[in-house]
Amino acid sequence: MIPIKKIVAFCCILFCQMSFSQGDCANALTICGNTIFTGVIKTYPDDTQFNGHVSCGNYVHSPMIWLKVTIVTGGSFGFVLTPKSLDPKADLNFFVFGPNVTCGDIGQSIRCSYTSPTEIFSRKNATGLISGAYGVSRQSNEGNGFLEMLDVKAGESYYIVVMDAGSPYNQFSIDFNGTATIDAPPELKTPKIFGSYGAKICESDGVNDFITNIDLTEIAAIAVGNQNNVEASFYIRGEDAVKDIRRLPNGFRNTESPQKGYVRLTNTVSKCFVVDEFIFTVEPLQTPYPLNVAGCDVNQTGFVHFNLAENDLLLKENNPNRIVTYHPEANDMVTLPKDYVNKAAYQEETIYAKVLDTKSLCSVFKPFKLIINKTLPNVKPVQLTQCDIGNEPSEKKIFNLSEASEALTLKDSEFSVKFYLNNSDAQNDVNALDLLYTNTTNPQTIIAKVTNKNTACYAFTTVDLKVKKGITLTQILEKCDDDAIADGIVKFNLADAGFENNGNKVTYFLTLENALLFQNPISSSFTNTQPYQQTVYARVQNENDCIGINTIELKVAVLPNLEKNETLYLCLNQTDNSIKLNTGISDADLIDYQYKWFPNGEITSEIQVYKAGIYTVVVKNQSGCTKEQIFTVKNSELAKVYEVIIDDFTEVKKVTISVTGQGIYEYSLDNISENYQASPIFDGVATGIHDLYIKDLNGCGILHKTISVLGAPKYFTPNGDGINDNWNIWDLNTPSNSNAIIEIFNRFGKLLKQISPKEVGWDGTFNNLLLPADDYWYTLYLSDGRFTKGHFSLLR
């Protein structure tokens, strides 16, 4: 049941332009929810039968709709009738009879509205029973068409008669309101397809025409779902669904797909029903299309045995409910055998696969072609000859049958080859031989089956196996290890052995076994894998006839492991101004080689050179292989110091050294072994005597020089405590500065004292008088002619 105040589902969802006759009271529609009507009822009761039963207006012979509603729970009950058109001409009148009257005695109407919007000049044309309205009857020119609501009880039924205005103003809706409730309509459970209710039906007769017999019971069960007391029925026309006439029978056969129809759900107890559009869509069973089946005309007759079952797995799709059969035509009852021979020689044929789903009984016919492949592989007999190599002759050898495969297919990957002992095995494709096969007799004939991978067509031929005594020759190839790496590994051209002649084909292998089986060939441009000496094998054959398997001894001549090119230096400052150049070959190996030096022309293993230049030695072994080493000799010498600049009367003392020479030099102060630097400048040098070292990086020695960095004291304290009682520039007390003169002045420029670095220094007096604490100035004249001045403080 549904509350009247609530907006609920339609009982009869939408009747658009339905035009049919219906009886009046006896055939009233049971209403269970808000509903839209369009010309549903076109009844014209006779005036005498209807007159006297309404309490308003003059009855007009107009089309009417009879509706019946049953109350489930009591309360206030009302409704609103709303024309679709806003035109005042869309004028609706209504009458209400009840409660619980019968069609034979409907009594007097308990609500009667005969208002006319045009007569009261109103643009509103809705009418009905609503809360707040007054009166139970309205004439054409009275009020607004709304009347008082009804007080109803559970179980009561009422008739609502609606007079519409006729086409085109005959579409209107009814919306219930109030606190009472009425029965709920059934709910349509069928899913929507493309926006409309409907069902997809599998075509069950196997004819791909989208027409089939439809099982409506299954569709009805889906539409009803788990609702109780509800039945589903189907119709072609909507008015038939509303009147429940001309139901479609089970097994209904559609005439087109998709086909429009209607479904009606009826509550068998309350008689409420729902009608809606329903789309029937018939689809064939969905399966893959079969593949064309090809067969080979092996006997060249134009007739081929085709295996139709090749499509079974594809069409069944691993579904155990599917059965696949084959037929000459679609819908043909004749079933073809799986081993089928085409009807007409050399002609393609179209046949049909029928796929039947035993569960749904759906089936479909799908065509495919039978294709006759006329062209077979063009094959000729092949002979393989294996060489009998070794001290123990044998007529049984291992043959590599892939050699025959190359000859049979011309190395075309479109073909494959299998080998068999006899024709029977080959025809039945059983007991195929391994590619590495040992003959049982000499000679022996086996069968080869050559198959085209694309068409599956095949042809047979013979392969003759023969063992014969082969010829074995040996050739030595020797090369110098002259690739700059003395490891005994070089690249050989195996064709230099000279076996590729007289039209013979030579293939090279690392082992004799590979040569016999024709496996893992190597390139003729081969770099040995074993240092200095290695044996490889050359299989010589003409076509597939083994002429012999020869050996090639590869030898790499040993060269001295000379040192890399060197750069050496002649020290011009040394007495023995020469340098020895040596190849580095051990004394034990010296006699194994010959030597020649350029540009000198000397032939000893070492030479003494006395000037810079480029010297090259070429070393040759007894095989005539040569290797060379280059010595680059450059001049170098000990540094010559032509100036040392000492900035010593500054806050940060600096020493700068200038040198000449052909060497590369580094500099260090006070450490002959460490702390060398490339820069000839030293900053922040402490006052005092320092040892300067200049090293030649080319190995020509280290120059030593002593330097003195001066520094005048900033103050002195002549207070007789024996500490700092005298002022002097102590760093001058060296032989080179022993004649330096120091003059001391007061702030007014008066000369107070002249002292020598050899003396004790100034004691802060003048004419035996103690001078006051103050700043004093000095002037220094060095023995080397340098002159400087500065000041210091006397502290008391």
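Of everything in region 506-526 that's exposed (fewer than 13 other Cβ atoms within 10 Å of the Cβ) and touching a residue at least 12 places away in the same chain (Cβ under 8 Å), which residue is nearest to Tyr437 (Cα to Cα)?
First, pick out the residues of region 506-526 that are exposed (fewer than 13 other Cβ atoms within 10 Å of the Cβ): 513, 520, 523, 525.
Then drop every residue that is not touching a residue at least 12 places away in the same chain (Cβ under 8 Å), which leaves 523, 525.
Values: Ser523: 26, Ser525: 31 Å.
Filtering region 506-526 for residues that are exposed (fewer than 13 other Cβ atoms within 10 Å of the Cβ) and touching a residue at least 12 places away in the same chain (Cβ under 8 Å), the one nearest to Tyr437 (Cα to Cα) comes out as Ser523.
Working only within region 689-726, note down all residues that are over 19 Å from Glu643 (Cα atoms), hydrophobic (A, V, I, L, M, F, W, C) and touching an Asp or Glu at 6+ places or on another chain (Cβ under 8 Å).
Leu697, Cys700, Phe716
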Being surrounded by fewer than 19 Cβ atoms within 10 Å (Cβ to Cβ), of a type in the set (Phe, Trp, Tyr), touching a residue at least 12 places away in the same chain (Cβ under 8 Å) and more than 30 Å from Val463 (Cα to Cα), is that true of even one residue in region 598-616?
yes
In region 238-250, is there at least one residue being of a type in the set (S, T, N, Q), surrounded by fewer than 20 Cβ atoms within 10 Å (Cβ to Cβ), under 55 Å from the mean Cα position of the chain (by Cα) and not in a loop (DSSP other than H, G, I, E, B)?
no
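Can Asn719 be described as out of contact with any His (no Cβ under 9 Å at 6 or more places or on another chain), assigned to a loop (DSSP other than H, G, I, E, B) and within 25 Å of Ser636 (Cβ to Cβ)?
Numbers: out of contact with any His (no Cβ under 9 Å at 6 or more places or on another chain): yes; assigned to a loop (DSSP other than H, G, I, E, B): yes; within 25 Å of Ser636 (Cβ to Cβ): no.
Criteria not met by Asn719.
Let's see how each residue does on (1) on the phi > 0 side of the Ramachandran plot; (2) part of a loop (DSSP other than H, G, I, E, B):
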| residue | (1), (2) |
| --- | --- |
| Asp312 | no, no |
| Pro320 | no, yes |
| Asn331 | yes, yes |
| Tyr340 | no, no |
| Ala344 | no, yes |
| Ser360 | no, yes |
| Gln386 | no, no |
Within region 72-119, residues being outside any loop (DSSP other than H, G, I, E, B), at pLDDT 90 or above, in contact with a Phe, Trp or Tyr (Cβ under 8 Å, 6 or more places away or on another chain) and of a type in the set (Gly, Ala, Ser) number 1
Taking region 392-440 on its own, how many of its residues are on the phi < 0 side of the Ramachandran plot and assigned to a loop (DSSP other than H, G, I, E, B)?
19
What number of residues within region 281-297 satisfy the criterion of being loosely packed, with under 15 Cβ neighbours inside 10 Å and either over 34 Å from the mean Cα position of the chain (by Cα) or not hydrophobic (A, V, I, L, M, F, W, C) (or both)?
4
Test: residue in region 775-788 that is hydrophobic (A, V, I, L, M, F, W, C), exposed (fewer than 14 other Cβ atoms within 10 Å of the Cβ) and out of contact with any Ser or Thr (no Cβ under 7 Å at 6 or more places or on another chain):
yes
Residue in region 201-214 that is modelled with the highest pLDDT, counting only those that are surrounded by 18 or more Cβ atoms within 10 Å (Cβ to Cβ) and assigned to a loop (DSSP other than H, G, I, E, B)
Thr212
Quick check, is Tyr352 out of contact with any Asp or Glu (no Cβ under 7 Å at 6 or more places or on another chain) and in the same structural domain as Pro367 (by TED's automatic domain parsing)?
no
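Residues are listed down the side, and each one gets a yes or a no for (1) in a strand (DSSP E or B); (2) among the charged types (D, E, K, R); (3) outside the structural domain of Leu408 (by TED's automatic domain parsing):
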| position | (1), (2), (3) |
| --- | --- |
| Thr455 | no, no, no |
| Val463 | yes, no, no |
| Glu500 | no, yes, yes |
| Thr551 | yes, no, yes |
Across (1) closer than 22 Å to Lys627 by Cα; (2) surrounded by 14 or more Cβ atoms within 10 Å (Cβ to Cβ); (3) β-branched (Val, Ile, Thr), Ile485 clears everything bar (2)
When you go through Glu283, Glu310 one by one, which is the residue that is touching a Cys at 6+ places or on another chain (Cβ under 9 Å) and either of a type outside the set (Lys, Arg) or in the same structural domain as Leu356 (by TED's automatic domain parsing) (or both)?
Glu283
Quick test for you: out of Ser257, Ser270, Ser233, pick the one residue that is in a strand (DSSP E or B) and polar (S, T, N, Q).
Ser233
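The values are calculated or read from the model by the stated rules, or taken from the named source; none is laboratory data. Since the model is a prediction, treat every value here as computed from it, not as a measurement. Virtual Cβ from ideal backbone geometry, glycine too; neighbours counted across all protein chains shown.
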